[in-house]
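Data block below; observations after.
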Amino acid sequence: MIEFLRIRNLALIADVELEFAPGLNVLTGETGAGKTFVLKALEFLTGERLAPDMVRPGTDKALVEALFVLEGREVILRRELSAGSGRARLSIDGQLATAEALRELKPRLLLHASQNGQQKLLSPAFQARLLDHFLPEQALLEERRELSRRLTGVEREARELRERVAHLEDRREVLELKRTEIDKAAPREGEEEELLERQQALRHARKAREAREAALDLLLGEQGAGAVLGRLERELGHLAQAGEPYQADLDAVREARLGLSELAQRLRQGGAGPADDPEAVEARLWELAQLKRKLKLSMPEILSLHREIEANLSFLDNAGLDLKRLEREAGELRAALGRALSRLDGARGEAAGALCARVEEELRGLGFSEHVRTLFEFAPVELFPADAGHEALTELSARLLFAPNPGQPPRPLDRIASGGELSRFLLALTSLRAENDEAVLIFDEVDAGIGGLTLNRVGERLKALAGERQMLLITHWPQLAALAERHFLVAKHVAEGQTETTVTRLEGRNLSEELSRMAGGGEQGRAMAEKLLLPLG
């Protein structure tokens, strides 16, 4: 149950606090006063999205927080909505929490029946889900979902495999031709870079050899530096023997000649250079260049293409085995799913009879004829179409039929039910769904379209249900509002140019005045309010 709710800066609500009673709590007020904002706050708190423009103008964020009691334990939920980013931040018991945690918790907090629920009730798909909700063995649904999920995945994988095989088979000849061209040249990873480095080394070695030969010619040729220094040395020697002062110069020339002789020796002993055959290197580079021109790809792209071709051709060679494996797996899953669907169809048939009997009992208590009838009509729906070797897989989908009066054949609920009948139908179903559950029941104008004695019967059912479960009821009927343990008035006011929605707990005279207003006002309204309040003391 919910004990306390606070709403700040949400739409027209500035700041309201509501303390709820354990039984029936009623919200009333003029149309457009803002009752919907209270419900929107609860929906937002339990995970629904709200647009940033729902934050009250002039404020940074909206805040909704509530105190629930679940299995005797207090649970505090708090959720904020940022006006700037539109992001919502959630905390549970003071700790930041994820949306997933809230989704798991929500079914235990609120069970919401509204006019929108009436429209959903008219949907055959919703009716089918409704029946499934009352299946005694929910594991059957989980088994069906899991097998369907797995079969869908396997068949999708097989379909994609066939499509890829067909695509590659169309290209097989081209792929094999390209593979042959690449295999003929047989390029290796990094080979082109290695060849270019060797080519560059050979070029450097040739230049070095030419430079040594030129240097040796300059040193040792007939007019080379060595011969010139030798002649100069002899002439200086003659001068020195004649007593001329050239001994120092002679020594310098002799030293220079010896140095050049050593240089010549080193040049003759120069490096041998790479042992590569230049013609072989150039021929291999030319072969690789021809392959690149033919395929119009760089060498890394050619090597990548070769790997891709090998992978694709290998895939084609092995695809048959993979396809057979998938087909075998799909066949096993189809058989298992067929058995599960058969069990589920039987369970739905049994659950339909039991559920209809309970619904009819509830409807008779809500003013319907003693002869009211409901039943589910079943029709096969194809889940998986037939394929080679397998029949189509179908399951029975349920549609709710309704005969409110004796002598009428049952007809689809969405074709014959009036608004008032739908309101009571929804109340009956919600009552059944609420059994053995702690969630707060929220009825948003579920009494629309009914009146008179039927309204009294609805009030009795709501009061009885509220004796077992906490309930929030939005109503425009004073007869129902008077049954509340706690009554809240939602009103809209304008002050200093600002519109604000307030929520006030009513007691005593204020409660009497609200019931009188709901009854039409005047003497007649006051008389009805007094009559409605009389049993309450």
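Readers should treat all values here as calculations from the given coordinates under stated rules, not as data from a laboratory. All of these numbers come straight from a predicted model, not from anything done at the bench. Virtual Cβ from ideal backbone geometry, glycine too; neighbours counted across all protein chains shown.
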Just subtract the alpha-carbon distance of ALA280 and LEU168 from 0.36 nm times their residue separation and send over the number in nm, one decimal. 36.5 nm
Distance in nm between pseudo-label sites at GLN269 and LEU96 (7 Å out along the Cβ direction from Cα): 7.7 nm
Quick one: order LEU177, LEU140, LEU441 by neighbouring beta-carbon count within 10 Å, fewest to most. LEU177, LEU140, LEU441
Largest-first ellipsoid semi-axes for the chain, taking √(5λ) over the Cα gyration tensor eigenvalues, angstrom: 96, 39, 16
What is the order of LEU453, LEU393, LEU515, fewest Cβ neighbours within 10 Å to most? LEU453, LEU393, LEU515
Got a sec? How would GLU169, GLU143 order by Cβ neighbour count within 10 Å, fewest to most? GLU169, GLU143
Suppose each label sits 7 Å from its Cα in the direction of the beta carbon; what would the ARG364-LEU122 distance come out to in nanometres? 2.9 nm
Apply the a/c threshold of 1.5 to the C-alpha gyration tensor of region 207-277 and tell me whether it is rounded, prolate or oblate. prolate
Would you work out the charge dipole size for the chain about its Cα centre, treating the Cβ of every Lys and Arg as +1 and the Cβ of every Asp and Glu as -1, and quote it to the nearest 20 debye? 1260 debye
In nm, to one decimal, how far is the modelled label at GLU48 from the one at ALA248, with both set 7 Å along Cα→Cβ? 11.4 nm
Output ³J(HN,Hα) for region 5-22: one whole-Hz value per residue in order, computed from phi by the Karplus curve 6.51 cos²θ - 1.76 cosθ + 1.60 with θ = phi - 60°, and x for Gly and Pro. 9, 10, 10, 10, 6, 10, 6, 8, 8, 7, 6, 10, 10, 10, 10, 8, 8, x
Within region 290-311, name every residue whose backbone N is under 15 Å away from a label modeled 7 Å from Cα of ASP183 along the Cβ vector. 306-311
Region 193-324: mean projected area of Cα convex hull, nm²: 13.3 nm²
Binned Cα-Cα distances of region 83-211, short to long, each 10 Å bin given as a whole percent: 8, 13, 16, 15, 11, 11, 12, 7, 4, 2, 0
The farthest towards the positive end of the charge dipole of region 139-412, of the residues LEU303, LEU396, SER148, given +1 on Cβ of Lys and Arg and -1 on Cβ of Asp and Glu, is LEU396
Per DSSP H run of n ≥ 4, the term is -39500 (n - 2.57); total these for the chain, divide by its residue number, and report the mean residue ellipticity at 222 nm rounded to 500 deg cm²/dmol. -19000 deg cm²/dmol
Applying the gyration tensor rule to the Cα atoms of region 1-123 (axes a ≥ b ≥ c; rounded if a/c under 1.5, else prolate if a/b exceeds b/c, else oblate), the class is rounded
Trypsin sites (Lys or Arg not before Pro) within region 1-75: DSSP coil, no more than 12 neighbouring Cβ in 10 Å: ARG49
Net length gained if the chain between LYS292 and ARG145 were fully extended (0.36 nm per residue, minus Cα distance): 47.5 nm
At 0.36 nm per residue, and after removing the present C-alpha to C-alpha distance, how many nm does the segment from GLU255 to LEU70 gain when stretched out fully? 55.6 nm
Inverse of mean 1/r across different Cα pairs in region 139-412, Kirkwood, Å: 29.4 Å
